[in-house]
Amino acid sequence: MSCILIVDDHTIIRKGLIQILHELDTRHVCLEASDGVQAIRILREQRTDVVLLDVALGERDGFDVLRSIRSEFPKLGVIVLSVYPESQFATRAIRSGANAYLNKGCSPQELGQAVSLAAQGQVYLTPLAAGLLAQTLRQPADQPRHAVLSNREMQVLRMLSKGESVQHIAQSLCLSSNTVSTYRARVFDKLQLKNLVELVNYTKEHGLE
């Protein structure tokens, strides 16, 4: 029997995942959290084997939550499960300590396999994710990492480096907080940064303020 915590801000997604997990194995015990704060509280109170973690959680994105989980529960299995394709976030998820990155369009069987491996502390890589990780090892060393950012991502980078919150950036750019959180996650992924301190240092080092 595995205890699985589903962290997603959409109730219908959580309920759908619970149904799928129970169809895969009726012994699964499923817990729910709508944000990172609730997730950490549950993990402190309840023994958990695997966390299914969404990327877009509003003001605090899933990668921030992943860092908190890894800091406090280093051996816990974590699967980042998102609507975004692997090409956007798979490498960052694995580098940040996730046991797997899956698109929400994956098959129940693939989800079940990832959950099983994550519960054992192992990593599950799709062929695409494995290829993306290999590509990062072959990037030209002389090309600055920010060269791959889009204009919007560069804009978000500069605003983040000035200490602006996701909500404030969203208002300034007339975007939703979730959209800005997505741009924020892409910036951290492409620049291979772990936190805002590293981001600020990167912008200063490369004159991007």
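Given the structure, is GLU164 part of a loop (DSSP other than H, G, I, E, B), farther than 25 Å from ARG70 by Cα and at pLDDT 90 or above? When the stated conditions are applied, GLU164 passes them.
One line per residue, one yes/no per condition, for (1) under 16 Å from LEU193 (Cα atoms); (2) in contact (Cβ under 8 Å) with a residue 60 or more places away in the chain:
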site	(1), (2)
ARG47	no, no
ALA56	no, yes
ALA90	yes, no
SER96	yes, yes
GLY105	no, no
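Cβ separations smaller than 9 Å between residues 6+ apart or across chains give the following pairs from region 150-166 residues that are of a type in the set (Ser, Thr, Tyr) to residues that are part of a helix (DSSP H, G or I): SER150/TYR183; SER150/ARG186; SER161/LEU196; SER161/LEU199; SER161/VAL200; SER161/TYR202; SER161/THR203; SER161/LYS204.
On inspection, LYS194 fails the criterion of being among the charged types (D, E, K, R) and in a helix (DSSP H, G or I).
Among helices (runs of 4 or more DSSP H) entirely within region 1-86, having at least 3 residues that are exposed (fewer than 15 other Cβ atoms within 10 Å of the Cβ) and at pLDDT 90 or above singles out 11-24, 36-45. Residues in region 87-112 that are assigned to a helix (DSSP H, G or I) and closer than 16 Å to ASP8 by Cβ were compared, and the one that is farthest from the chain's Cα centre (by Cα) is LEU111.
Across region 135-143, a minimum of one residue is classified as of a type in the set (Gly, Ala, Ser), modelled with pLDDT under 80 and outside any helix (DSSP H, G or I).
The values are calculated or read from the model by the stated rules, or taken from the named source; none is laboratory data. What you are looking at is a predicted structure, and each value in this text was computed from that prediction instead of being measured. Ideal geometry is used to build each Cβ from the backbone, glycine not excepted, and the neighbour counts take in all protein chains shown.
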